[in-house]
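**Student:** Please find one structure pasted underneath; my questions will follow.
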Amino acid sequence: MLAKLNAFALEGIEAIPVEAEVDASAGLPKTILVGLLETSVKESVHRIERALANLGYERHPGRTVINLAPAEQKKDAGGFDLPIALGLLVATGQLLPEQVRDYGIMGELSLDGSVRPIKGALSMAMNAAERGIKKLLLPAANAREAAVVEAVSVYGVHSLTEAVGILAGHLHAEPVASEIEELFAKLNTYEVDFADVRGQEFAKRALVVAAAGGHNVLMIGSPGTGKTMLAQRLPTILPPLTPTESLETTRIYSVLGRLKPDEPLLAKRPFRTPHHTISDAGMVGGGSTPAPGEISLAHHGVLFLDELPEFHRRSLEVLRQPLEQGQVTISRALHSTTFPASFVLVAAMNPCPCGYLGDSRRPCKCNPMQIERYMAKISGPLLDRIDLHIEVPSVPFQELAANADGTPSANMREQVHRARAAQHERFGRDSHRLNSRMTSRQLRRYCTLDDDGRKLLKTAMDELGLSARAHDRILRMARTIADLDQSADLKPVHVIEAIGYRSLDRKLWAR
C-alpha cells in the first residue's frame with residue numbers, strides 16, 4: 001500500500017514542501033530510503049523501526065521503499081522521523097490515508113517513541129499557510145512557535161502514540177492558541193535605560209540620530225567611558241517591532257534552534273555582540289548547507305562590534321554588502337542563498353592600542369607607528385559605510401556623582417518616533433525605507449540644499465577629503481536631523497551637525 005504525507009525541508013530560512021511517500025509491498029524484508037538524503041536522515045530508519053517496535057506497532061514483513069520528494073532537494077534533518085513513521089503505519093493499514101491527508105507533519109523520534117523538537121517550525125507554518133495546509137502536527141516544544149501563524153491550526157504532540165491518537169480520532173486535542181498579543185505585551189520590555197547613563201549627552205544625541213534614520217555608528221573613546229553601556233541601550237529607543245518584522249526575525253532564530261522555550265516569538269529588537277575572534281562565515285553565515293550568521297541574527301536590530309580593530313580583516317570586509325543592501329547572498333557550487341541582514345551597526349574602539357590617546361587623566365604609551373598600524377586595521381571603504389563617527393570622552397566626577405538621572409529612553413524614543421513618522425509619510429508605499437537607505441534618486445529629491453548648505457558641504461569635502469559615498473551619507477544624516485527638528489527643508493544648521501559626525505575622518509584616518 002502507498003502512503004503520502006506532507007512534510008518540509010529547510011533551505012536557508014525558507015521551508016520547502018516535501019512529500020513523504022511510503023510504499024509497503026511483498027518481497028524480502030528490507031527498507032530503502034531515497035531522495036537526496038543526508039546522513040542524519042538515512043540514520044532515521046533505525047530510530048523509526050525501534051520506536052515502532054517499542055510501542056507495539058506491527059512491522060511490515062516485506063519490502064519498504066521510502067521516498068522524500070522532490071529528489072533534487074537536500075534533506076538534512078531528523079525531523080522526517082515522525083512523517084515517515086506515520087507513513088509506515090498508513091502503508092501497513094494501521095492508520096487510514098484520509099486521517100493524515102490534511103496535515104503537515106514534522107518531528108524527530110526517540111527510541112521510546114517520544115517526539116523531540118525540530119528547527120524551523122515557524123518557517124514550516126508559514127509555508128503551510130501559503131500552500132493551503134490548514135493543520136500542522138509538530139513536537140509540543142515547537143507548537144507555540146508555529147502557532148503565531150494564525151492561518152494554521154497547530155497540534156503539539158509529545159509522543160508517536162499521542163500523534164496516532166489525534167490522527168485516528170481516539171484522542172481529543174485542541175490547537176495551540178496563537179497568543180501574539182500576550183507575547184508582545186509580556187516580552188517587549190527592556191531591563192536597561194538611557195537614564196542609567198550619566199553625561200555623554202553628545203553621544204546620546206548621535207544615537208538618537210542613528211536610531212531615527214537607521215544610520216551606523218562608530219564610537220571612539222578610552223576604556224571605561226561608557227561605549228558599551230551606550231550601545232546596549234540603543235534598542236530601547238528604536239520603535240517596537242511590528243508583527244511582520246517580528247516574524248522575519250523570529251524565523252531566523254527558529255531555523256538555527258535559538259528560540260528560548262518561554263519565548264516562541266521575538267518581541268524585542270535583537271542586540272548581537274559577537275566576539276572579535278569570530279570568522280567571516282560566523283559573521284555573515286555559511287557552511288556546506290548555508291546557515292545564517294550574526295548579521296542575520298541582528299536583523300531589524302543592532303549589531304555591536306566592540307574593540308573593532310581586533311576583529312579579523314575578512315570578518316569586517318564581508319560586512320560591506322549587507323551594510324549597503326540589507327541582505328547577504330552566500331553562493332555555493334549548486335545554488336545561492338540570500339539571508340536578510342538589515343541592522344544598525346554600532347562599533348566601538350579605543351583611539352590607540354593602549355587606549356589613552358588624548359585622555360587627560362592617563363598618558364598614552366603608544367608611538368606613532370603603533371597608532372598607525374592600529375588604525376590601519378580598519379579599511380577606508382568600511383569606514384565610509386559608517387555614517388557617524390563620535391568621540392566618547394571620560395565623564396567628569398561631578399556628573400557621575402550627581403543624583404539626577406540621565407535623559408531617559410522614553411524621551412529619546414519619542415524623538416525617534418516623530419522622525420520615523422516623517423520618513424514613513426515621505427516614502428509612501430515604500431514605508432519601511434529609512435533615510436539611511438535612500439536611493440540616489442530619492443537623495444536628489446529630498447535632500448536639496450540652499451546656497452549656504454552647499455558651500456558648507458563643499459568646504460567639508462575639500463578639507464576632510466571625503467569620498468562621494470561620505471558626501472551622500474552626510475546628506476542622509478542631515479535629512480534625519482531635519483526630521484528630528486520637524487523641518488521640511490534642509491538648513492545649514494542640519495548640514496553642520498551632520499558634518500560634525502564625520503569630523504574624525506581626517507583626525508583618525510588621514511595617512
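The values are calculated or read from the model by the stated rules, or taken from the named source; none is laboratory data. Just so it is clear, the model here is predicted, and its values are computed rather than measured. Neighbour counts run over all protein chains shown; Cβ positions are idealised from the backbone, glycine included. To get the accessible areas, we keep the full protein, side chains included, count just its heavy atoms, and leave off ligands, DNA and RNA. Shrake-Rupley method; radii C 1.70, N 1.55, O 1.52, S 1.80 Å.
**Student:** Report the Rg/Rh value for the chain, based on alpha-carbon coordinates and the Kirkwood definition of Rh.
**Tutor:** Using Cα coordinates only, the ratio equals 1.08.
**Student:** Now for a separate question. Taking 0.36 nm per residue of separation and subtracting the Cα-Cα distance, what length does fully extending E372 through R320 add? Walk me through the intermediate numbers first.
**Tutor:** Values: separation 52, 0.36 × 52 = 18.72 nm, distance 2.28 nm.
Between E372 and R320, full extension yields an extra 16.4 nm.
**Student:** Rounded to the nearest percent, how much of the accessible area of the chain (1.4 Å probe, protein heavy atoms only) is carbon and sulfur?
**Tutor:** Carbon and sulfur together cover 51 percent of it.
**Student:** Enumerate the calculated ³J(HN,Hα) couplings along segment 208-220 in order (Karplus 6.51 cos²θ - 1.76 cosθ + 1.60, θ = phi - 60°), each rounded to whole Hz, writing x wherever the residue is Gly or Pro.
**Tutor:** Result, ordered by residue: 5, 4, 4, 5, 5, x, x, 8, 8, 10, 10, 9, 10 Hz.
**Student:** So what's the angle, to the nearest 10 degrees on a 0 to 90 scale, between helix 468-484 and the longest Cα principal axis of the chain?
**Tutor:** So the inclination is approximately 90 degrees.
**Student:** Further question: Name the lysines eligible as straight-distance cross-link partners of K119: C-alpha to C-alpha under 17 Å, and not fewer than 8 places from it in the same chain.
**Tutor:** K74, K75, K260
**Student:** Tell me, what HN-Hα J-couplings in whole Hz come from the Karplus equation 6.51 cos²θ - 1.76 cosθ + 1.60 at θ = phi - 60° for each residue of segment 59-68, using x for Gly and Pro?
**Tutor:** Each residue's phi maps through the Karplus curve to give 9, 5, x, x, 8, 10, 10, 10, 10, 10 Hz.
**Student:** Shifting gears a bit: Compute the relative contact order of segment 401-511 as a whole-number percentage, counting only Cα pairs closer than 8 Å that sit 6 or more residues apart in sequence.
**Tutor:** Relative contact order of segment 401-511: 29 percent.
**Student:** When only alpha-carbon atoms are used, what values of Rg and Dmax, in angstrom, describe segment 143-207?
**Tutor:** When restricted to Cα atoms, segment 143-207 yields Rg and Dmax of 21.9, 66 Å.
**Student:** Amide H neighbours of L241 under 5 Å, counting only residues 5+ apart in sequence or on other chains, H built in-plane at 1.01 Å?
**Tutor:** So L241 has HN proximity to R269.
**Student:** Hey, another quick one. Normalise the Debye intensity by I(0) for segment 284-420, one equal point scatterer per Cα, no solvent, then take log10 at q = 0.20 Å⁻¹ and round to two decimals.
**Tutor:** Listed by q, the Debye log ratios stand at -1.22.
**Student:** Here's something else I'd like to know. Per residue and in cubic angstrom, what volume does the convex hull of the Cα atoms of segment 11-134 have?
**Tutor:** Expressed per residue, the convex hull around the Cα atoms of segment 11-134 is 103 Å³.
**Student:** Mind checking which lysines have their C-alpha under 21 Å from K458, skipping anything on the same chain fewer than 8 residues away?
**Tutor:** Counting by Cα, and skipping residues close in sequence, K458 has these lysines nearby: K491, K507.
**Student:** Scan around V157 for amide H atoms under 5 Å from its own, H built in the peptide plane at 1.01 Å from N, and keep only partners 5 or more places away or cross-chain.
**Tutor:** Correct list: L138, A140.
**Student:** For the chain, take the longest principal axis of its alpha carbons; what is the angle in degrees between that and the long axis of helix 121-131, to the nearest 10 within 0 to 90?
**Tutor:** On a 0 to 90 degree scale, this one is about 70.
**Student:** How large is the accessible surface per residue of segment 39-101, computed with a 1.4 Å probe and reported in Å² as a whole number?
**Tutor:** Details: 2830 Å² over 63 residues.
Each residue of segment 39-101 exposes 45 Å² on average to a 1.4 Å probe.
**Student:** Can you bin segment 443-485 into rounded, prolate or oblate? Criterion: square roots of the alpha carbon gyration tensor eigenvalues sorted a ≥ b ≥ c, rounded for a/c under 1.5, prolate for a/b above b/c, oblate for the rest.
**Tutor:** Prolate shape, in that a/c is at least 1.5 and a/b is the bigger ratio.
**Student:** Let me ask something else about it. Students often check this: by mean Cβ neighbours within 10 Å, which of 474-483, 373-382 ranks highest, and how do the rest follow?
**Tutor:** With the highest mean Cβ count within 10 Å placed first, the list reads 474-483, 373-382.
**Student:** What is the helix-to-structure angle for 44-54, meaning the angle in degrees between its Cα long axis and the longest Cα principal axis of the chain, kept from 0 to 90 and rounded to the nearest 10?
**Tutor:** For helix 44-54, the angle is close to 50 degrees.
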